[in-house]
1. Would you pick out the residues in region 97-150 that are open to solvent by 60 Å² or more (accessible area, probe 1.4 Å) and in a loop (DSSP other than H, G, I, E, B)?
2. Here's a check for you: in region 30-41, which residue that is open to solvent by 50 Å² or more (accessible area, probe 1.4 Å) and in a strand (DSSP E or B) is farthest from Asp17 (Cα to Cα)?
3. Being at negative phi and of a type in the set (Gly, Ala, Ser) is the filter; apply it to region 1-46 and report the residue that is modelled with the highest pLDDT.
4. Just checking, which of Leu55, Leu37, Leu89 is in contact with a Ser or Thr (Cβ under 9 Å, 6 or more places away or on another chain) and of a type outside the set (Asp, Glu)?
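The values are calculated or read from the model by the stated rules, or taken from the named source; none is laboratory data. Owing to the predicted nature of the structure, the values given are computational and were not obtained by experimental measurement. Note that we place each Cβ from the backbone using ideal geometry, even for glycine, and neighbour counts take in every protein chain shown. The protein model used for the area step is the full one, side chains on, heavy atoms only, and it has no ligands, DNA or RNA in it. Shrake-Rupley method; radii C 1.70, N 1.55, O 1.52, S 1.80 Å.
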Amino acid sequence: ENAVYESLEQFTVHQKDADRVLEDEVICIEVKGSPLLLRRVFYYDHANDNIYEFLSNNFELEATAIADIYRQRWQIESLFKRLKQNFPLKYFLGESQNAIEIQIWVSLIAQLILLVIKGRTEHRWAFSNLASFIRNHALTYIHLFKFLDNPNVDWNKLTLGDRNQLNIFQT
């Protein structure tokens, strides 16, 4: 909002993108005394009813393509944020490249399984709360989805009589 820049050129917005691309221009900012040319795209997201401002050094792609790239990038950033917050990748269990790769792959697979579980529950869970609960109760004899759908249920109703943990991929 308080960045100082000079607008040099306005790109014409295609008619098919006029409802999404509000503005597309070339701007110039000064970095350490040298001019830097950037592309500034204002994009309206109908799904979230938000206006986003993107800066790029790509002058060849369409404005909608730049917005799509940033949207996909945000999903990747969210994936790595969840991974860093919920899985201990600060210390590796082995020193070889193979050991490190295996630990990262196992964390990614665990995150995927937790996202499948989160998608199947009726109750809205924060990912970190869901991961903590499952980490603490993975080897206990409770009916996982009964608890996840209704966390306020009586614990006596959650225990499994046959002592077999629920298969998470059953429909």
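1. Once the filter is applied, which keeps residues that are open to solvent by 60 Å² or more (accessible area, probe 1.4 Å) and in a loop (DSSP other than H, G, I, E, B), region 97-150 yields Glu122, His123, Arg124, Leu139, Tyr141, Asn150.
2. Looking at residues that are open to solvent by 50 Å² or more (accessible area, probe 1.4 Å) and in a strand (DSSP E or B), I get Ser34.
3. Ser34
4. On the way: Leu55 fails: in contact with a Ser or Thr (Cβ under 9 Å, 6 or more places away or on another chain); Leu37 fails: in contact with a Ser or Thr (Cβ under 9 Å, 6 or more places away or on another chain).
Result of the check over Leu55, Leu37, Leu89: Leu89.
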